[in-house]
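Before any comments, here is the structure.
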Amino acid sequence: MLELIFAAALMDTVALPDHFETVFVHEWGAVTFTEENVIFGTNPFTAPNSDFIPPDQWNEPVARAPIVYFYGEHFTGTFTVSVHSGSFIETLPIPESLVSTSTKPSQHSYHAVWNISSTSDGQSENTIEAGRDYPGILSELLEIWRKPPSFLLEFEDGLKEKFIYYECLLNPSSEDDFYPVLLQNNGAVLHPDYTGPVMRFVKRMETVNMELITEWPVSGQIVYNKVPNVPGILCDWARGAMKSEELVSMWDTWKTWIYDGSWSGDTLLVFPLPENTIEGMTTIILRTDDYREVEYSRFYLGILSN
């Protein structure tokens, strides 16, 4: 029965109206809380010639592969990502401006701004110029990220792309900045009062098995004996805020890394982050030249290994 519910949810979690007067901005991403090396701009895979974040920063959370898509009414305008306490690691395409907004030398906050000169419904790979690859990003990931039926964006320099991507290092100011994750001196853990859903991946011998826990820590646990329908689970967690193709792309980005057991520790916990936590990390703003209404949908996962 549960699989039928997930299958129904996966048909499409967002039904956009036939006549648009609104621009819809959809974003998915993940925040990793792990003690392994985090690779600059190659989320979630590693590249042997990449630079590493030094060991004394391993415990700092990283917002990895946030991908932003646009739908609805065609527009021109500017798109801004603000990191409230942290810094950008990677941005694609390259923004027109990236400036520090810090008021004190000890603090770090930044704005990245992209000027979007046009949008279109083109879906052809030839139209996207997306035979083009970017240094540090695997071509397989680019192919995955270009699959959702979002607008084709044209930027001020003439580059066309299906998405805006950024990755940033986050500097917490308190131990509960990333609820339901609690940051402690000996590492990150799930907050003791968290009772939401969790996918728990466990290394056993040379395999990784997944358990769906509908109410953490133990209530309602379901053990899968076959490969689960994870995009269906994500659709359920997103509660209609995202398109199914976006969530398939999200899972396709992470599944090889997860099932290869490439993460540190024996257990990996994956869970949805609440809206307040997401807004506390970064803010996204689209300003259209014709002052159209804009609706935002943001869906983030927390990924915690121990």
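The values are calculated or read from the model by the stated rules, or taken from the named source; none is laboratory data. Being a predicted model, the structure only gives us computed values, none of them experimental. Note that we place each Cβ from the backbone using ideal geometry, even for glycine, and neighbour counts take in every protein chain shown. These accessible areas exclude ligands, DNA and RNA; they are computed on the full protein's heavy atoms, side chains included. Shrake-Rupley method; radii C 1.70, N 1.55, O 1.52, S 1.80 Å.
How many residues does region 166-207 contain that are assigned to a strand (DSSP E or B) and within 22 Å of residue 26 (Cβ to Cβ)?
Number satisfying all stated conditions: 5.
Looking at region 181-206 only, could you name the residues that are modelled with pLDDT under 90 and closer than 17 Å to residue 259 by Cβ?
204, 205, 206, listed by residue number.
Please enumerate the residues belonging to region 151-165 that are part of a loop (DSSP other than H, G, I, E, B) and more than 16 Å from the chain's Cα centre (by Cα).
151, 156, 157, 158, 159
Looking only at region 80-94, count how many residues are crowded, with 22+ Cβ neighbours inside 10 Å and farther than 12 Å from residue 169 by Cα.
Residues in region 80-94 being crowded, with 22+ Cβ neighbours inside 10 Å and farther than 12 Å from residue 169 by Cα: 1 in total.
I'm told residue 285 meets every condition in (1) out of contact with any Pro (no Cβ under 6 Å at 6 or more places or on another chain); (2) part of a helix (DSSP H, G or I) except one. Can you identify the failing condition by its number?
All conditions are met except number (2).
Would you mind telling me which numbered condition in (1) within 12 Å of residue 31 (Cα to Cα); (2) open to solvent by less than 10 Å² (accessible area, probe 1.4 Å); (3) among the hydrophobic types (A, V, I, L, M, F, W, C) residue 273 fails?
(2)
Could you count how many residues in region 277-306 are under 21 Å from residue 165 (Cα atoms) and open to solvent by 50 Å² or more (accessible area, probe 1.4 Å)?
So the answer is 6.
Which condition number does residue 249 fail, the rest of (1) part of a strand (DSSP E or B); (2) open to solvent by less than 20 Å² (accessible area, probe 1.4 Å) being met?
Condition (1) is where residue 249 drops out.
Considering region 72-124 alone, what residues qualify as being more than 23 Å from the chain's Cα centre (by Cα) and modelled with pLDDT under 90?
The answer is 101, 102, 103, 104, 105, 106, 107, 122, 124.
Kindly list, by first and then second residue, each pair from a residue in region 284-306 that is free of Cβ contacts under 8 Å to residues at least 60 places away in the same chain to a residue that is open to solvent by less than 10 Å² (accessible area, probe 1.4 Å) and part of a strand (DSSP E or B), limited to pairs with Cβ atoms under 6 Å and residues at least 6 apart or on different chains.
none
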